[in-house]
Amino acid sequence: MQIFGIGIDIVETARIDDSIERFGDRFLDRVFAPSERAYCDKMKFPARHYAARFAAKEAIAKSFGTGIGEHLGWADMEILRSPEGGPHVVLTGDGAEFAAKNGITEIKISLSHADDYAAANAMAICG
């Protein structure tokens, strides 16, 4: 096992809540998969959960060393819950292609959120 990269991000929950209020489905559909939306929308405070997933996607992009853009888009990452309840990442499209090309076989993530902030870290692992 070798670490390809690590990433961390913190997001103000109010920033995500404001984007949801201002742009609605246009923002949500651009950044989050239907499964992520279904999960977050059923929560008492959806913006906290959206913010944690937003931070996770930013952290993953940092662990890849690419940022969000040419090699990794918002829609290329899906943050799901494992049967045990922990978060895990599913990559598709350019994200899956980049991971395969660079030998990334797993991404470990951790999420946290409170009233005002959400944070996440990610570790991209090879082999």
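The values are calculated or read from the model by the stated rules, or taken from the named source; none is laboratory data. Since the structure is predicted, the reported quantities are computational estimates derived from the model, not experimental observations. Glycine also receives a Cβ, built like all others from the backbone with ideal geometry; neighbour counts cover every protein chain displayed.
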Original post:
So which residues in the stretch 72-127 are in contact (Cβ under 8 Å) with a residue 12 or more places away in the chain, in a loop (DSSP other than H, G, I, E, B) and under 15 Å from the mean Cα position of the chain (by Cα), if there are any at all?
Top reply: 72, 73, 92
Original post:
Does the stretch 36-53 include one or more residues that are in a helix (DSSP H, G or I) and surrounded by fewer than 16 Cβ atoms within 10 Å (Cβ to Cβ)?
Top reply: yes
**OP:** Considering only the stretch 111-127, state which residues are surrounded by 15 or more Cβ atoms within 10 Å (Cβ to Cβ) and either touching an Asp or Glu at 6+ places or on another chain (Cβ under 9 Å) or hydroxyl-bearing (Ser, Thr, Tyr) (or both).
**Re:** 117, 118, 119, 120, 121, 122, 123, 124, 125
**OP:** Test each condition in (1) part of a helix (DSSP H, G or I); (2) over 11 Å from the mean Cα position of the chain (by Cα); (3) more than 15 Å from residue 118 (Cβ to Cβ) for residue 69 and report the one that comes out false.
**Re:** (1)
Subject >> Residue within the stretch 72-88 that is within 20 Å of residue 1 (Cβ to Cβ) and surrounded by 14 or more Cβ atoms within 10 Å (Cβ to Cβ) present >> reply: yes
Original post:
Which of (1) in contact with a Phe, Trp or Tyr (Cβ under 6 Å, 6 or more places away or on another chain); (2) at positive phi; (3) of a type in the set (Gly, Ala, Ser) does residue 24 not meet, given it meets every other one?
Top reply: (1)
Original post:
Which of the residues that make up the stretch 54-66 are among the hydroxyl-bearing types (Ser, Thr, Tyr) and in a helix (DSSP H, G or I)?
Top reply: 63
Original post:
Has the stretch 23-32 got any residue that is within 17 Å of the chain's Cα centre (by Cα), loosely packed, with under 11 Cβ neighbours inside 10 Å and modelled with pLDDT of 95 or more?
Top reply: no
